[in-house]
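The structure appears below as structure tokens.
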Amino acid sequence: MSEEHESLDSRPDFDENNVWSVKRFTSARNALKFYRVMAFITGTMLLILTVEMIYKYLIAADPSTALNFGGFNLAAAIAICHGWCYVVYLIGCFWLNQQMRWSLGRYLILALAGVVPVMSFILERRIHRQVDAELEAAVVVAPKS
């Protein structure tokens, strides 16, 4: 009887760095979803902004009146929209970085991906695979009740 009891209490072998609480694990999953959505939105807005600037400064005859429709300045609207999307993207990057307990350097790389055209799409795929692998290897423990 003591041998059976002893085998039930023995802990499996695992890396202590892979121990996650249920709350942190769930938050990391949610942070990844939010990051992916914001990376796509921010990357799309950055591509639109890039096309707008190419048109305005390289193709249009007069950059000061290009993309002005009546009293509406489309170029300014695109820039403002990308700016706010980028702010929300930075919040998502910070949330993911905190849950994964990555370094400040990783956060800066994530942040730069929002201002380099196409980079957010490339980095999003890489980060998604990496986070999924880390969460798959995680040992999730529930608090004692």
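The values are calculated or read from the model by the stated rules, or taken from the named source; none is laboratory data. Owing to the predicted nature of the structure, the values given are computational and were not obtained by experimental measurement. Reconstructed Cβ throughout: ideal geometry from the backbone, glycine too, with neighbour counts over all protein chains shown. For the accessible areas, the whole protein counts, side chains as well, though only heavy atoms, and no ligand, DNA or RNA atoms are used. Shrake-Rupley method; radii C 1.70, N 1.55, O 1.52, S 1.80 Å.
Table for the structure above
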quantity: Cβ-derived FRET efficiency at R0 41 Å, residue 144 paired with residue 80, nearest 0.05; calculated: 0.25
quantity: Model label zone, residue 53; criterion: amide N under 12 Å from point 7 Å along Cα-to-beta-carbon; scope region 90-123; calculated: 115-118
quantity: With every protein chain in place, region 8-123: carbon and sulfur % of accessible area (1.4 Å); calculated: 69
quantity: Correct option for percent of Cα pairs over 21 Å apart [calculated from the coordinates] among [x] 47; [y] 37; [z] 57; calculated: [z]
quantity: Rounded to the nearest 20 debye, dipole of the chain from Cβ charges on Lys, Arg, Asp, Glu; calculated: 660
quantity: Charge dipole magnitude, Cβ of K and R +1, D and E -1 - region 87-137, Cα centre, debye nearest 20; calculated: 120
quantity: Gain in span if fully extended, residue 111 to residue 125, counting 0.36 nm per residue against the direct Cα distance; calculated: 3.5 nm
quantity: Packing-based ranking, highest mean first, of 73-79, 54-60 given that Cβ atoms within 10 Å are counted; calculated: 73-79, 54-60
quantity: Within the chain, helix-based [θ] at 222 nm, where runs of 4 or more DSSP H residues each add -39,500 (n - 2.57), nearest 500; calculated: -22500 deg cm²/dmol
